[in-house]
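Right, one structure below, let's go through it.
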Amino acid sequence: MKVNIACLQMASQPYDWDYNIEKATAMITEAAKNGANICLLPEVFIPGYSITDENFKQAEYLNGPTVSTMESLAKHKNIYISGSFIEKTHKEFYNTMFLIGPKGLLGTYRKIYVFSTEQKFWKPGKEITIVDTEFGSVGLGICADMQHAKLWRQYAGKVDLILISSAWPGKPKKTNLSYVKHMDQLCRSLPVQISEALQVPTAYCNACHQTLGELPLGYGTLTCQGFSKIADKGKILASIDSGEEKIIQATIEISEERPTSDLSRFQNWIKFPLREKFLKFAIQKLPLLYAKLYYHWHKKKFLS
């Protein structure tokens with residue numbers, strides 16, 4: 001079966017719901033006009049990925065205005081729409097990715113590998129999500145999930161298509177650390193690596209806006225770097241090689257027989273030199289205790 005996928009590399013305006021929903025709607029409409037069957041939006045395109053307490057205020061219930069608007073649009077355009085937003089429940093906050101079809105919400109996935117200080121604002125999910133559609137079984141992932149072979153190994157032999165929403169930042173201008181440079185490159189290589197390991201088409205949509213909120217140690221703000229792409233079995237079908245706001249589309253072939261994965265491809269997923277491993281630990285692991293305590297202290301103020 002042939003399926004046309006569109007990645008909508010969108011520059012959100014942080015915390016401006018009206019602007020972001022209008023921009024997403026316009027990009028979806030354009031992609032649908034050009035034959036898209038599936039439209040993929042970035043991570044937290046609503047309210048626009050940033051690292052401030054406003055995230056709590058901007059969170060929505062699953063039946064809130066963002067998902068409801070996307071459901072209406074999917075029905076009207078007869079397409080599938082996926083992306084992530086900040087979900088609020090009666091007890092927690094999550095970075096939640098949805099997959100919506102013409103008949104409504106089909107499934108959700110809560111980001112499992114919540115990166116470092118992101119855990120100040122949302123709690124990690126617990127399990128992968130596979131959504132059955134007319135095109136086959138679709139696996140979902142979000143940004144930093146790409147770093148973890150354990151997650152992708154769970155999808156091996158069980159899916160026909162992978163969709164990944166992301167807000168992967170570029171390298172801050174004030175640092176030249178080798179680990180940070182390495183991470184800067186991973187968002188460009190990992191989607192292709194995932195498609196090769198699973199032997200299925202993989203669509204990766206990254207954001208391309210400047211975030212709000214200052215990084216610690218004087219590193220300033222982050223800018224999501226773009227570089228969205230669509231790959232199949234390790235081959236790039238379409239890509240945006242910059243951080244400009246843009247749409248890419250590619251037609252993929254979903255075979256009737258599900259491909260098998262060579263599990264050896266999940267070994268040595270990312271090779272960090274020893275020096276970078278120490279920096280990785282310092283940047284990704286050391287802030288976690290503070291982030292989790294911060295989340296615990298602050299979430300109750302915003303839950304109702």
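In this entry, the range 2-302 is assigned a mean projected area of 14.2 nm², taken as a quarter of its C-alpha convex hull surface.
Assuming charge only on the beta carbon of Lys and Arg (+1) and of Asp and Glu (-1), the dipole of the range 149-304 about its Cα centre is about 940 debye to the nearest 20.
In this structure, residue 251 and residue 89 have a Cβ-Cβ separation that, at R0 = 30 Å, corresponds to a calculated FRET efficiency of about 0.20. Considering only 44, 267, 190, the residue lying farthest towards the positive end of the dipole of the range 2-302 is 267, judged by Cα position with unit charges set on Cβ. Taking the fewest neighbouring Cβ atoms within 10 Å as the starting point, the ordered list for 301, 233 is 301, 233. The peptide list 54-63, 133-142, 252-261, 39-48, put in order of mean Cβ contacts within 10 Å with the highest first, becomes 39-48, 133-142, 54-63, 252-261. Once the Cβ-Cβ distance of residue 1 and residue 75 is raised to the sixth power relative to R0 = 25 Å, the FRET efficiency obtained is 0.70.
Evaluated at q = 0.20, 0.29 Å⁻¹, a Debye calculation over the C-alpha positions of the range 96-155 (equal weights, vacuum) places log10 I(q)/I(0) at -0.77, -1.25. Projecting the Cα atoms of 283, 200, 303 onto the charge dipole of the chain (Cβ charges, centred on the Cα centre) puts 283 farthest toward the positive pole.
With θ taken as phi - 60° and the Karplus curve 6.51 cos²θ - 1.76 cosθ + 1.60 applied, the whole-hertz 3J(HN,Hα) list for the range 115-132 is 6, 6, 6, 4, 6, 5, 10, 8, 8, x, x, 10, 8, 6, 10, 10, 10, 7 Hz, x standing for glycine and proline. A simple spin-label model places the labels of residue 289 and residue 184 3.2 nm from each other, with each point 7 Å out along Cα-to-Cβ. Stretched out straight at 0.36 nm per residue, the stretch from residue 16 to residue 268 would grow longer than its current Cα-Cα span by 86.6 nm. Where the centre of each part is set by its Cα atoms, how far does the range 147-174 sit from the range 233-269, in angstrom? Taking the Cα centre of the range 233-269 as reference, the centre of the range 147-174 is 11 Å away. Within the chain, the cysteines lacking any other cysteine Cβ closer than 4.7 Å to their own Cβ are 39, 143, 187, 208, 224.
Values in this text are rule-based calculations from the coordinates and carry no lab data. Being a predicted model, the structure only gives us computed values, none of them experimental. All Cβ positions, even for glycine, are placed from backbone atoms using ideal geometry, and neighbour counts span all protein chains on display.
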